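Report on the following structure.
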Amino acid sequence: VIVRELDGYSELIQVIFREYGIPFFIDEKREIDRNPLIIFINSLMRIYSKNWSYESVFAYLKTGFPGISKEDIDILENYVLANGIKGKQWHEENWSYRLNYDFDSEEISEKEKALISHLNEIKLKVTSPLIKFGETLKVSKKMRDVCAALYDFFVELGVPDRLQQWIDDFNKSGDLELSSEYSQVWNTIMELLNQVVNVLGDEKFKTEEFVKILSVGIAEFQIGL
């Protein structure tokens, strides 16, 4: 089916073709700003520009790239919300805030101790790579330094491997559109970082400015499926 302007027909085609059981593929460009890898990068940089805000930390975790299970993210999120944890509190060696809010009981049960211990294990797994990357950002003087550090962070966290595993899973399940999207988005990010190095490599690095540059660059990209 060939149309002059796809935007006006795309939704109609999807509804009608599905209603009549007609298989279809719509050859259109897709924005990538909602892809998990893009959210991962944006939220990662905002952790530092927004002083470890709740929104930035959990947007980062829920992309799946940090390798924290959904169950552990839920446990951590409930604890953080209950205790209003933010900023420097993420850098504390161990959290000891109570889980049991029945203040008539001053003694901490063994069950509560075990859960707090598990929470601290999750926190360490979350914060260790982030604190290390944050220290790298502090000593990075130029844009090219940050781009190199960001790539190294991807590799250390296993982002390329995890992305490839998802692509393989999409191929096995027959979800070729998502497979194509995820395949292209990694190359798009690498291209964007190369452009930043080539054009702004010697510019002085500022976290907020770098976040803006990435956001503008990402907004310019669309992928074909």
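The values are calculated or read from the model by the stated rules, or taken from the named source; none is laboratory data. The shown structure was predicted, so the numbers you read here are calculated from the model rather than taken from an experiment. In this analysis, Cβ positions are derived from the backbone assuming ideal geometry, glycine residues included, and neighbour counts consider all displayed protein chains. For the accessible areas, the whole protein counts, side chains as well, though only heavy atoms, and no ligand, DNA or RNA atoms are used. Shrake-Rupley method; radii C 1.70, N 1.55, O 1.52, S 1.80 Å.
Overview of values
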item: Filtered residues of the range 23-41 (kept if open to solvent by 20 Å² or more (accessible area, probe 1.4 Å) and modelled with pLDDT of 90 or more); result: Pro36, Ile39
item: Close pairs (6 angstrom Cβ cut-off, 6 or more residues apart or separate chains): closer than 15 Å to Leu37 by Cα in the range 145-167, of a type in the set (A, V, I, L, M, F, W, C) and in a helix (DSSP H, G or I) anywhere; result: Phe153/Phe133; Leu163/Trp186
item: Whichever residue in the range 45-65 is more than 9 Å from the chain's Cα centre (by Cα) and on the phi > 0 side of the Ramachandran plot and, among such residues, is least open to solvent (accessible area, probe 1.4 Å); result: Trp52
item: Candidate set: the range 104-159, residues that are open to solvent by 20 Å² or more (accessible area, probe 1.4 Å), hydroxyl-bearing (Ser, Thr, Tyr) and in a helix (DSSP H, G or I); chosen: the one farthest from Arg46 (Cα to Cα); result: Ser117
item: Hey, Ile167 touching a Lys or Arg at 6+ places or on another chain (Cβ under 9 Å), surrounded by 14 or more Cβ atoms within 10 Å (Cβ to Cβ) and not acidic (Asp, Glu) or not; result: no
item: Condition check for Ser179: buried (at least 17 other Cβ atoms within 10 Å of the Cβ) and either farther than 25 Å from Gly87 by Cα or touching a residue at least 12 places away in the same chain (Cβ under 8 Å) (or both); result: yes
item: Single unsatisfied condition, Glu11 versus (1) in a helix (DSSP H, G or I); (2) modelled with pLDDT of 85 or more; (3) open to solvent by 80 Å² or more (accessible area, probe 1.4 Å); (4) among the acidic types (Asp, Glu); result: (2)
item: So Ile85, is it part of a loop (DSSP other than H, G, I, E, B), over 16 Å from the mean Cα position of the chain (by Cα) and under 22 Å from Glu135 (Cβ atoms); result: yes
item: Residue in the range 190-198 that is modelled with pLDDT of 90 or more and closer than 30 Å to Lys88 by Cα present; result: yes
item: Ile68 vs. criteria under 25 Å from Ser183 (Cβ atoms), in a helix (DSSP H, G or I) and open to solvent by less than 80 Å² (accessible area, probe 1.4 Å); result: no
item: Residues located in the range 185-207, provided they are assigned to a helix (DSSP H, G or I), open to solvent by 90 Å² or more (accessible area, probe 1.4 Å) and within 16 Å of Asp145 (Cβ to Cβ); result: Asn194, Asn198, Val199
item: Some residue of the range 71-87 being open to solvent by 60 Å² or more (accessible area, probe 1.4 Å) and in contact with a Leu (Cβ under 7 Å, 6 or more places away or on another chain); result: no
